[in-house]
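Working notes, beginning with the structure itself.
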Amino acid sequence: MVGCALALATLTACGSGDGGGSKASGGDKLVMGFAQVGAESGWRTANTKSVRESAKSAGIELKFSDAQQKQENQIKAIRSYIQQKVDVIAFSPVVETGWDAVLLEAKRAKIPVILTDRAVDSEDTSLYKAFLGSDFVEEGRKAGKWLTENTNGPANVAEIQGTTGAAPAIDRQKGFKEAIAGKSDIKIVASQSGDFTRAGGKQVMEALLKSHPDINVVYSHNDDMGLGAIEAIKAAGKKPGTDIKIITVDAVKAGMQALADGEINYIVECNPLLGDQLMDLAKKVVKGEKVPERVVTEETAFTSEQAAKVLKDRKY
């Protein structure tokens, strides 16, 4: 992934684009400061690429920072953007809480903020103009609903969660639990964070297979952790997709390939290509136009057969 090099102690957000004049500095080019979570997954890499390409196409100067999955780095980046007097700030929060102080600083500086992909948990919704992203609770519901309709006999579920405190991890767990609530033969026997990484998913699955040898379903909060879990399942002498059913979220190309191959049984889509919608929202909020408080992306879900049909056309 192409990213800005960040010194953790003295984080400076760097820019991409042609370096032309900005509205903030007396020119006419809109400048966006974008604080990305990191590069922890195929989904995130595709999301970053979408933001970069869409900014270029829209004629927006992009100042980009990679927080390496650390909230303190995102806060430093946002403060840097405030000091640089950018026109708009967008970011995908590492976790839900702890943003009020820095967002208040942006508000006082009259710099609008757009949340992308992940929301924040704040009582003061005036601190940001809009949220653009998926309905993570609904994603969890879709995963749970599929399991209730496609399981015979007891289901002992290992849930591999995303980053602790992150909106998708909280909401995907909530939606899944809601969907399976009426099924007494489906039980979550273990739930542990794999931090949205393939290595994390593998490590968690290795441990859970030893502590819970009766696991016959894996619900992973993203494809990358699910792919890591597949490695652990194979190493344990079991067949992924057959001995242990696997449900994941995202639908990135590597996950879709595993789905088409029968190693994953069901994937709920979470679309990372938010760039065009983000740039459109940015232009509107900078002009002072009224925008929806929540813009939810349209998404679907895939079985193995459906994945095989669309795999060659996947853009991420």
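The values are calculated or read from the model by the stated rules, or taken from the named source; none is laboratory data. Remember, it's a predicted structure, so these values are computed and weren't measured experimentally. Neighbour counts are summed over all protein chains in view; Cβ atoms, including those assigned to glycine, are modelled from backbone coordinates with ideal geometry. For the accessible areas, the whole protein counts, side chains as well, though only heavy atoms, and no ligand, DNA or RNA atoms are used. Shrake-Rupley method; radii C 1.70, N 1.55, O 1.52, S 1.80 Å.
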Calculated from backbone phi, Karplus (6.51, -1.76, 1.60) coupling profile of region 89-105 in Hz, x at Gly/Pro: 10, 10, 7, 10, x, 4, 10, 7, 9, x, 10, 4, 4, 6, 5, 5, 4
Helical mean residue ellipticity (222 nm; -39500 (n - 2.57) per DSSP H run of 4+; nearest 500) of the chain: -12000 deg cm²/dmol
Helix axis angle, 167-180 relative to the chain longest principal axis, alpha carbon, degrees: 30 degrees
Cα long-axis angle, helix 42-58 against the chain (0 to 90 degrees, to the nearest 10): 30 degrees
Lys, Arg +1 and Asp, Glu -1 on Cβ, resulting dipole of the chain about Cα centre, debye, nearest 20: 540 debye
Net charge over other residues, Cβ less than 11 angstrom from the Cβ of Ala232 (K, R count +1; D, E count -1): +3
Accessible-area composition of the chain, carbon plus sulfur, in percent [1.4 Å probe]: 47 percent
Probe 1.4 Å, protein heavy atoms only - accessible area per residue of the chain in square angstrom: 43 Å²
Two-decimal log10 I(q)/I(0) for region 221-316, as the Debye equation yields it once each C-alpha is a single scatterer, q = 0.12, 0.15, 0.20 Å⁻¹: -0.48, -0.64, -0.89
DSSP bridge orientation in the chain - percent antiparallel, rounded to nearest 5: 10 percent
